[in-house]
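The values are calculated or read from the model by the stated rules, or taken from the named source; none is laboratory data. Predicted model only: the values in this text are computed from it and were never measured. Using ideal geometry, Cβ is built from the backbone for each residue, glycine included, and neighbour counts are taken over all protein chains shown. SASA here: full protein model, heavy atoms, side chains in, ligands and nucleic acids out. Shrake-Rupley method; radii C 1.70, N 1.55, O 1.52, S 1.80 Å.
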Amino acid sequence: MNSTVPFIKVFFLTGFLLILVFQNSAEAQSTGTLSGYVTDARTGEPLFGANVGLQGTTRGASTDDEGFYEITNIEPGTYTVVATFIGYESQQRNNINVRSAGNRDINFELVPSAQQLEEVVVTVSEPFVAPPENPVSFRRLSPEEISTYPAGNSDIAKVVQSLPGVSGSVTGFRNDVIIRGGAPNENVYFLDGIEIPTINHFSTQGSAGGPVGLLNVAFFDGVELSTSAFGASAGNALSGVLRFNQRRGNDREYRTNFRVGASEAALTTEGPLFKGDSSFSNTTFIASVRRSYLQLLFQLIDLPFLPDYWDYQYKLDHRFNSRNQISFVGVGSIDDFRINVPSDITPDQQAILDQVPVIRQRTNTTGLTWQHRLSDGLGITRTSLSRSWFYNDFTRFRDNENEEGLFSQNRAREWRKTLRNETTFFRERSTISVGASARVNIFRNDFFDDNTGVAFDSDLTFVSYGGHFQWSSERLSDRLDLTAGIRFDGNTFTDNGNELYRTLSPRAALTLNLDDVGQWKAVVSAGRYFKKPPLNLLGYQEGGEFVNRNSRYIRSDHLTGGINFFPRPSTKLSVEGFLKLYDNYPVSIREGVSLANLGGGFEVLGNDAVESAGRGRTYGVEFLTQQTLATNYYAILAYTLFWSEFTGFDRDLYLPSAWDSRHLLTFTGGYQIGNRWEFSLRTRLLGRTPFAPVNEDRSIETYPAFVFDYNRLGTERLSAFNATDIRIDRKWNFSNVSLDVYLEIQNLFGQNTPSEPSYLLQNGNNPELVRVDQLSESSILPTIGIIVDF
């Protein structure tokens with residue numbers, strides 16, 4: 001690496017030490033305030049007189065006639081907050097961090113208990129409580145877990161990779177979410193129930209991975225991940241469903257959060273609108289903007305590329321009454337991936353300079369949701385109208401330095417306009433959910449590639465639609481919970497898109513308490529899931545014809561089962577086995593490789609003629625031990641042993657996929673000392689990942705693009721990957737201001753990051769590809785971050 005790097009490291013470390021040494025010794029012993037609302041989960045009515053308290057203390061408060069509570073004069077620290085009300089099941093929230101400023105509302109929606117006039121205590125912590133329609137392979141992350149995640153840089157995609165069965169790409173400047181051996185494009189993402197096409201900057205078109213996340217975690221009230229047993233309401237998912245639940249802005253006062261991290265600065269503000277003289281407002285907002293300075297750091301250390309991005313996010317809420325409310329959400333990004341010519345270029349830098357694409361992307365998603373509670377608490381209906389837009393200008397030059405020799409360009413625009421409705425009916429011991437959706441898909445692409453000889457100007461518009469039904473019983477018997485559902489999907493473009501019997505997708509799951517107190521639980525699920533091929537695959541043309549019009553929905557059959565043990569309310573041990581069987585996977589006619597192996601690089605997934613001929617299977621076993629923060633520490637230890645194999649046109653020949661790492665071990669933990677210091681650590685081990693070798697003879701003609709020998713996929717593997725990251729937080733609480741300064745060290749032990757061979761073309765009478773040593777991937781990277789709330 002450049003000699004500037006050691007200087008930067010010393011600068012960051014010295015700065016952090018100076019902050020600690022010269023900290024204000026007269027720090028005020030300010031106290032904090034915790035507030036929120038307690039309502040009936042079914043009717044939405046405020047619960048007057050509910051009690052909310054801090055477990056292990058005498059601090060508490062009762063709700064007023066609006067369901068509002070406020071606990072004052074709290075010593076800053078971490079608490080468990082408990083809400084109780086006669087006739088309702090009690091709820092508790094763990095790991096609630098109280099500061100002198102910037103505390104989010106802690107709201108409770110209490111469920112009526114089966115035994116009236118008695119208080120019922122939840123037997124396990126909130127992170128372990130799964131929704132009735134998704135009892136298997138379900139994980140929940142709190143805002144506190146997300147904000148202090150080591151080396152996460154407030155990036156939700158990196159945080160999710162600490163969960164069981166979830167890994168990221170090993171090589172490259174990437175941020176993919178790979179779940180149980182499935183491809184990155186097999187996941188779907190919802191922001192307050194609005195589907196968003198990507199969660200990353202510089203996203204791979206047709207997939208969703210990229211180098212850095214675009215969602216601001218300051219908005220989140222929680223994140224939920226399902227890695228199997230998806231509810232019938234979630235269509236188009238084969239491996240995972242991620243739901244980002246955003247909080248409302250504060251309805252009583254204006255607040256601001258400012259954060260500087262390893263690669264960006266973010267400003268978030270929130271508060272009431274049209275408040276007037278009232279103590280609160282029914283209309284609130286929360287909005288943020290983030291700006292990267294990663295391009296400045298990359299230029300400082302003389303890297304050949306400069307990623308430059310902005311993103312923005314906002315949410316408006318208005319509550320008409322306890323039964324009706326609307327919300328308007330939006331998120332978007334502005335991305336530019338530019339070339340930088342190093343002053344004293346080395347062979348490894350020259351290889352990157354030659355081969356990196358020039359990328360301009362723009363994304364925007366907006367959505368309006370109306371939530372209506374039926375009378376007498378009979379149910380809830382949600383109707384949403386959303387629009388997402390994605391622009392991708394992906395350009396390749398023979399001469400990147402001078403931007404000459406243009407040989408490939410993909411200028412694509414995608415629009416998705418979606419209308420969705422879901423209604424949930426409550427019964428005494430069960431819920432019924434029905435819903436439907438319709439989407440107008442618009443795709444435009446001006447594409448050419450001299451290496452393949454393909455060029456087209458595509459213009460495609462069609463409608464896709466779906467419907468679902470789900471029934472869930474939480475008390476079918478004293479020990480048994482059961483859920484079952486069915487879904488269908490169709491579209492007006494593909495040859496068999498309206499043959500709905502082809503996409504009928506039943507699913508069912510059950511939970512069985514193995515003892516009287518619910519410490520031991522057995523869970524099992526089975527289901528069939530379908531995914532529509534990506535828009536750019538459907539919009540691909542040859543000779544003016546949509547050659548992929550005969551593509552089928554990709555199918556995946558899941559079977560999952562496991563045992564959960566809760567020795568304490570805050571501790572969980574589990575083991576799960578899983579099997580996923582794929583069919584109708586698109587296989588490239590040109591390369592003979594399943595698209596299940598693609599989508600994890602800087603590329604465009606789907607610009608190829610395909611046949612829905614491939615099969616696949618991923619299977620394995622997963623172990624988990626988790627301790628939520630109940631005293632002063634938390635920990636998650638998970639190990640997944642898995643296999644990921646797919647076929648090409650030979651449907652009986654299974655080969656290891658590009659995600660077949662076999663072993664995944666992760667540990668994430670944290671320890672708090674008083675209310676000022678917190679230490680957190682993450683370590684991860686990933687087995688040897690297969691890669692497709694470069695076909696050197698063919699690549700001489702296509703350079704700087706490469707042709708890969710996919711017939712040899714699985715014959716060569718990268719070395720195992722492991723890395724350890726730590727984070728140290730020091731917190732101050734002043735009057736009306738809270739400050740968090742943290743030191744983060746990525747790759748603490750300087751482990752090498754495995755990478756695929758790198759090549760550089762040497763021109764002459766006999767051009768040839770020569771291997772070059774790559775940039776050092778063993779650097780220890782310290783950074784300082786600052787978070788201010790006021």
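Please give the helix 4-21 orientation as an angle from the longest Cα principal axis of the chain, in degrees from 0 to 90, rounded to the nearest 10.
10
Return the Rg/Rh ratio of the stretch 635-724 with Cα-based radii and a Kirkwood Rh.
Computed over Cα atoms, the ratio is 1.21.
Using a cut-off of 14 Å between beta-carbons, work out the net charge of the residues near residue 478 (Lys and Arg +1, Asp and Glu -1, residue 478 not included).
0
Arrange the peptides 649-661, 184-196 so that the one whose residues have, on average, the most other Cβ atoms within 10 Å appears first.
By packing density, highest mean first, the sequence is 184-196, 649-661.
Ignoring ligands, DNA and RNA, how do 432, 286 rank by accessible area with a 1.4 Å probe, largest first?
So the residues, ranked largest to smallest area, are 432, 286.
Could you sort 501-507, 219-225 so that the peptide with the highest average Cβ count within 10 Å comes first and the rest follow in order?
My ranking of the peptides, most packed first, is 219-225, 501-507.
Ratio to report: Rg/Rh of the stretch 317-406, with Cα atoms as the point set and Rh obtained by the Kirkwood method; give two decimals.
Over the Cα atoms of the stretch 317-406, Rg/Rh equals 1.38.
Compute, for residue 748, the solvent-accessible surface of its heavy atoms (probe 1.4 Å) with the complete set of protein chains present, and express it in square angstrom to the nearest 10.
50
Once the principal axes of the Cα atoms of the chain are found, what is the range along each, listed largest first in whole angstroms?
88, 68, 51
Could you give each residue of the stretch 677-691 its phi-based ³J(HN,Hα) in whole Hz, using Karplus coefficients 6.51, -1.76, 1.60 with θ = phi - 60°, and x for Gly or Pro?
10, 9, 10, 9, 9, 9, 9, 8, 10, 10, x, 6, 9, x, 8
If you count only protein heavy atoms and use a 1.4 Å probe, how large is the accessible surface of residue 79, to the nearest 10 Å²?
Accessible area, nearest 10 Å²: 40 Å².
How much of the accessible area of the chain, in percent, comes from carbon and sulfur atoms when a 1.4 Å probe is used?
Heavy-atom surface of the chain belonging to carbon and sulfur, 1.4 Å probe: 54 percent.
How big is D, in µm² s⁻¹, for the stretch 31-72 by Stokes-Einstein at 20 °C and 1.002 mPa s if Rh is the Kirkwood radius over C-alpha pairs?
202
From the mean inverse distance of alpha carbon pairs (Kirkwood) and the Cα radius of gyration, derive Rg over Rh for the stretch 512-554.
Using only Cα positions, Rg/Rh for the stretch 512-554 is 1.54.
Using only C-alpha atoms and all pairs of different ones, pull out the Kirkwood radius for the stretch 503-580 in Å with one decimal.
Result for the stretch 503-580, one decimal place: 15.9 Å.
For the stretch 422-523, taking Cα atoms only, what is the radius of gyration to one decimal and the Dmax to the nearest whole Å?
Reported Rg and Dmax, both Å: 21.9, 68.
Could you pull out the trypsin sites (Lys or Arg not before Pro) across the stretch 377-438 that fall in loop regions by DSSP (anything but H, G, I, E, B) with no more than 13 other Cβ atoms inside 10 Å?
For trypsin sites (Lys or Arg not before Pro) across the stretch 377-438 that sit outside H, G, I, E and B with at most 13 neighbouring Cβ atoms in 10 Å, the list reads 427, 429.
Could you give me the ³J(HN,Hα) list for the stretch 30-35, computed from phi with Karplus coefficients 6.51, -1.76, 1.60 and θ = phi - 60°, whole Hz, x at Gly and Pro?
Listing the rounded values in order: 6, 10, x, 10, 10, 9 Hz.
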